[in-house]
Ligand SMILES: CC(C)(COP(=O)(O)OP(=O)(O)OC[C@H]1O[C@@H](n2cnc3c(N)ncnc32)[C@H](O)[C@@H]1OP(=O)(O)O)[C@@H](O)C(=O)NCCC(=O)NCCS
């Protein structure tokens, strides 16, 4: 009985290519997931332009999960083809599942569907990346067979004290004074 209820919930979630009308919902869901407090690097890189660019250039690698006409997940990727290299790499750039739907296999379904599309288009390898502390995503990626982990370190620098930044701010203030 319990199994039937669970499988009904699963069957209501469909995965399809993202459409133009989904862009703002995908952005909103991502903004809920990639918060400055939790994942500062993901937060900085997540914006409407990122989604729009991916959608405009490679919409076949932009997937959404939908339940009762509500977007509850997404996977956005890109295909990397290098000149003079016969290998193509499918790169999963962004993955998100609504907290209400977590741990129901949706992240895995999105990855599987994107993997199929990458393979159909000639990819021989797939890449994923995330914050080193993102245990949930890492758990999922490992479960889906991703391995050979390598560390990549992000560093940041506040530019407020940079002479050019100060100069630019002063120029802007002068200009604002002039126009009144
Ligand atoms: C990562 C994320 C996409 C997973 O989505 P999901 O639909 O819950 O994932 P699934 O149900 O398909 O897979 C669950 C698997 O992930 C792993 N997992 C989930 N939560 C975990 C946790 N807290 N610790 C370790 N592994 C975990 C397990 O392997 C789990 O399999 P199991 O349920 O059989 O044990 C989702 O949690 C999310 O949107 N997180 C915020 C955004 C994010 O971090 N995105 C990835 C970087 S772009």
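Label-to-label distance for residue 28 and residue 93 is 2.3 nm, based on points extended 7 Å past Cα in the beta-carbon direction. When the chain is treated as a Gaussian network with alpha carbon springs shorter than 10 Å, the biggest mean-square fluctuation among 20, 93, 63 belongs to 20. Taking the number of Cβ atoms within 10 Å of each Cβ as an exposure proxy, the fewest-first ranking of 84, 21, 44 is 84, 21, 44.
The C-alpha atoms of the chain occupy a region whose extents along the principal axes are 72, 43, 31 Å, arranged from largest to smallest.
From Cα pairs below 8 angstrom and at least 6 apart in sequence, can you work out the relative contact order of the stretch 2-155, rounded to a whole percent?
Working: 194 pairs, mean separation 29.8, N = 154.
Computed over the stretch 2-155, the figure is 19 percent.
Relative to the longest principal Cα axis of the chain, at what angle does helix 23-33 sit, 0 to 90 degrees, rounded to 10? Tilt relative to the chain: about 90 degrees. Specify the residue with the greatest mean-square fluctuation among 128, 70, 153, computed from a Gaussian network of the chain linking alpha-carbon atoms under 10 Å apart. Maximum among the listed residues: 153.
Please arrange 74, 118, 141, 146 by counting, for each residue, the other beta carbons lying within 10 Å of its beta carbon, fewest first.
Values: 74 26, 118 23, 141 20, 146 16.
Starting with the residue having the fewest Cβ neighbours, the order is 146, 141, 118, 74.
Treating the angle as unsigned and between 0 and 90°, give the value, to the nearest 10°, between the Cα long axis of helix 48-58 and the longest Cα principal axis of the chain. Orientation of helix 48-58: about 60 degrees from the principal axis. The angle between the Cα long axis of helix 106-120 and the main principal axis of the chain comes to about 90°, on a 0 to 90 degree scale.
Using a 10 Å cut-off around each Cβ, can you sort 29, 170 from fewest to most neighbouring Cβ atoms? Could the numbers behind the result be given before it?
Details: 29 22, 170 10.
In order of increasing Cβ crowding within 10 Å: 170, 29.
Every read-out reported here was derived from the displayed coordinates using simple, explicitly stated rules and does not represent laboratory data. The structure presented is a predicted model; accordingly, all values stated were derived computationally and were not measured. Glycine gets a Cβ as well: all are built from the backbone with ideal geometry, and neighbour counts include every protein chain shown.
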